[in-house]
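Report on the structure given below.
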Amino acid sequence: MGSEETRRLILDSAERLFAEHGYATTTLKMIAEDAGLTQGSVYHHYRTKSELFLKVDSSANDRMLVPMQEAAAAERTFSAQLSAVLDVATEIVRTDPVTHHFVVMVRLEARRHAEIAEAGHDTRWGDLWQLLISTGIQTGEIDASDRQWALGMLMAVFSGLGQISAELDFERFRLTVEGFKRAFPHSFHTPRRRVAIHNEVSTGAPRRMPR
């Protein structure tokens with residue numbers, strides 16, 4: 001067995017066990033046994049449990065973020081980007097639930113254990129949310145003065161969906177996401193924008209097209 005295959009076995013087992021048992025309970029011995037390897041093989045590639053956890057974190061983020069980024073980049077409006085990213089997230093929950101569960105639990109584990117404190121802080125997540133909000137501002141779907149409001153709401157939505165994914169079976173989760181897709185593009189119209197739209201409708205004034 002080559003080194004690359006061995007590392008892959010270790011990472012797969014580590015991700016599954018960390019996701020199921022958490023950082024504190026999972027040991028390198030458990031990971032070695034799950035992967036069908038000796039502890040020495042695991043130590044040869046990863047000297048400490050924290051080093052292995054951080055590597056799993058990086059790998060898991062790659063598998064989630066790259067397709068989300070690609071999906072968002074293919075669309076030209078905030079509503080379409082949000083829908084595309086939600087579709088990718090839903091597909092990952094269906095096809096790779098272990099990775100999804102690991103990513104969801106990372107931030108909590110990182111707050112509990114100083115040696116993995118840097119986990120869960122991949123800046124690409126922030127870049128993705130900023131991309132969506134910037135698109136919404138450019139298309140007129142989000143008011144520029146409400147960037148931070150919309151950004152906080154977007155982060156809360158995805159954090160909440162991540163948490164409930166662990167509590168619902170896939171079909172119920174899929175239906176929940178579909179509900180968010182229908183409601184949330186409109187919810188991201190900020191309060192002053194909704195008031196303006198309401199006033200225009202009430203007075204019969206023509207609605208302005210976004211620039």
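About its Cα centre, the chain has a charge dipole of approximately 820 debye under the convention of +1 per Lys or Arg Cβ and -1 per Asp or Glu Cβ, with nothing else charged. In the chain, helical runs assigned H by DSSP with n ≥ 4 each contribute -39500 (n - 2.57); averaged across all residues and rounded to the nearest 500, the mean residue ellipticity at 222 nm is -25000 deg cm²/dmol. The angle between the Cα long axis of helix 97-112 and the main principal axis of the chain comes to about 90°, on a 0 to 90 degree scale. Quick note on the range 1-47: its Rg to Rh ratio, both from C-alpha atoms and Rh being the Kirkwood radius, is 0.94.
Counting Lys +1, Arg +1, Asp -1, Glu -1, what net charge surrounds Val177 among other residues with beta carbon under 15 Å of its beta carbon? Overall, the nearby charge balance is -1.
By other beta-carbon atoms within 10 Å, ranking Lys55, Lys49 with the fewest at the front produces Lys55, Lys49.
Extension gain for Thr123-Ala80 works out to 13.2 nm (0.36 nm per residue, less the C-alpha to C-alpha distance).
Here each label is just a point 7 Å from Cα along the line to Cβ, and for Glu91 and Met155 those points are 2.7 nm apart. Counting neighbouring beta carbons within 10 Å and listing from fewest to most, the residues Arg76, Arg94, Arg147 come out as Arg76, Arg94, Arg147.
Ellipsoid semi-axes for the range 57-185, based on the Cα gyration tensor and the rule √(5λ), read 24, 18, 13 Å when sorted largest first.
Relative to the dominant Cα principal axis of the chain, helix 49-73 is inclined by about 30°.
Cut-off is 10 Å between beta-carbons; in what order do Ile92, Ile10 appear when sorted fewest neighbours first? The order, fewest Cβ neighbours first, is Ile92, Ile10. Hey, with R₀ at 45 Å, roughly what FRET efficiency would Ser134 and Ala114 work out to, going by the Cβ-Cβ distance, to 0.05? With a Förster radius of 45 Å, E is 0.85. For the chain, the longest principal axis of the alpha carbon atoms and the long axis of helix 147-165 meet at an angle near 50°. A crude spin-label estimate for the pair Ala166 and Glu70, with each label 7 Å from Cα along the Cβ direction, gives 2.8 nm. With the Cα gyration tensor of the range 1-89 giving a ≥ b ≥ c as the square roots of its eigenvalues, does the rule (a/c under 1.5 for rounded; else a/b larger than b/c for prolate; else oblate) give rounded, prolate or oblate? The shape class here is prolate. The label-point distance for Arg182 and His45, in a model that sets each label 7 Å from Cα toward Cβ, rounds to 4.6 nm.
Laboratory data are not the source of any read-out in this text; all were calculated from the coordinates shown. Quick caveat, the model's predicted, so the values are computed rather than measured. Every residue, glycine among them, receives a Cβ derived from its backbone with ideal geometry; neighbour counts consider all protein chains shown.
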